[in-house]
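**Q** One structure follows; several queries about it will come next.
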Amino acid sequence: MALPPIVSATLQSAVLAATSNILAQCLTAYQTDKPIVFDLVPIFQFILYAFINIPPNFLWQDFLESTFPAYHVSPTRAAVASASANDEKELDREAKEGKLVEPKLNITNTVIKLLLDQSIGAAVNTFLFSLFIHSIQAAMPRPLGAPLSNPDKSLQYLLTKGAIDYRKVDWTKVVANSRQEFFPIMAAGWKLWPFVSLINFAFVKSIEGRNLVASLAGVAWGIYMSLLASQP
């Protein structure tokens, strides 16, 4: 039985989120000339964020598309030519062959969606990501603040009762950090996401397809965010 599109999109994004964090850990090991030792804790955190973040984003994209449809029905050139020549036989033939109308990109709606997605959507996503990552890192303090030395230890840490304790979170500090990095992250995102959104809105018709394109682009973005989140 096929999964609902929103569930498939969430699972797909969770896998890609894990992939981006793994690649970021590989990149960090290469840059520091250290052996690659995968820390499962940040991988878990990015997967968890995907499960929290993707469903409302899926609904946001669905809202944008239903409110501002990408395509509208327009007469074909052949139909216009036949109508101009009052050629009823040709119009009847085109009607039988389904050639009277065709979908046409609605440029106005595409621009509106792009502006809304890269302003309201981007701002909400940026701030919520910062709140999430800073709060969960504070709720999951490491021994001496260091990465756990091997996958077994990080898995053991994740399975420990009380591994996530939000009573340890200083929300004033979390909000302050989120506000401080808000504009740098937004500026970095505007170098990538407007192009991804334009491709999605102009050429990809299904919400599931758009989520896939965004998730694939999100692997590169996730590497950047993983490296940012790993900074002390």
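The values are calculated or read from the model by the stated rules, or taken from the named source; none is laboratory data. Computed from a prediction, not measured in an experiment: that's the story for all the values here. For neighbour counting, all protein chains shown are included, and Cβ atoms are generated from backbone atoms with ideal geometry for every residue, glycine included.
**Q** Of all residues in the stretch 188-229, which are hydroxyl-bearing (Ser, Thr, Tyr) and over 22 Å from residue 62 (Cα atoms)? Can you show your working first?
**A** Taking the stretch 188-229 first, the residues hydroxyl-bearing (Ser, Thr, Tyr) are 197, 206, 215, 224, 226.
Within the stretch 188-229, 224, 226 meet the criteria.
**Q** Considering only the stretch 189-208, state which residues are part of a helix (DSSP H, G or I), without any contact (Cβ under 8 Å) to a residue 40 or more places away in the chain and more than 18 Å from residue 106 (Cβ to Cβ).
**A** 195, 196 - these are the residues of the stretch 189-208 that are part of a helix (DSSP H, G or I), without any contact (Cβ under 8 Å) to a residue 40 or more places away in the chain and more than 18 Å from residue 106 (Cβ to Cβ).
**Q** Within the stretch 17-35, does at least one residue satisfy the condition of being surrounded by 13 or more Cβ atoms within 10 Å (Cβ to Cβ), of a type in the set (Asp, Glu), farther than 22 Å from residue 140 by Cβ and assigned by TED's automatic domain parsing to the domain that holds residue 128?
**A** Within the stretch 17-35, the first condition is being surrounded by 13 or more Cβ atoms within 10 Å (Cβ to Cβ), and the residues that meet it are 17-29.
Filter again for of a type in the set (Asp, Glu), leaving none.
No, there is no match, as no residue in the stretch 17-35 is surrounded by 13 or more Cβ atoms within 10 Å (Cβ to Cβ), of a type in the set (Asp, Glu), farther than 22 Å from residue 140 by Cβ and assigned by TED's automatic domain parsing to the domain that holds residue 128.
**Q** When you go through (1) more than 23 Å from residue 56 (Cβ to Cβ); (2) in a helix (DSSP H, G or I) one by one for residue 161, which number turns out not to apply?
**A** Looking at each condition in turn, residue 161 falls short on (2).
**Q** Restricting attention to the stretch 32-64, which residues are farther than 25 Å from residue 209 by Cβ and either of a type in the set (Gly, Ala, Ser) or in contact with a Phe, Trp or Tyr (Cβ under 7 Å, 6 or more places away or on another chain) (or both)?
**A** The one that is farther than 25 Å from residue 209 by Cβ and either of a type in the set (Gly, Ala, Ser) or in contact with a Phe, Trp or Tyr (Cβ under 7 Å, 6 or more places away or on another chain) (or both): 41.
**Q** Is one or more of the residues making up the stretch 151-164 in the same structural domain as residue 39 (by TED's automatic domain parsing) and farther than 20 Å from residue 47 by Cα?
**A** Within the stretch 151-164, the subset in the same structural domain as residue 39 (by TED's automatic domain parsing) is 151-164.
Then drop every residue that is not farther than 20 Å from residue 47 by Cα, which leaves none.
Within the stretch 151-164, not a single residue is in the same structural domain as residue 39 (by TED's automatic domain parsing) and farther than 20 Å from residue 47 by Cα.
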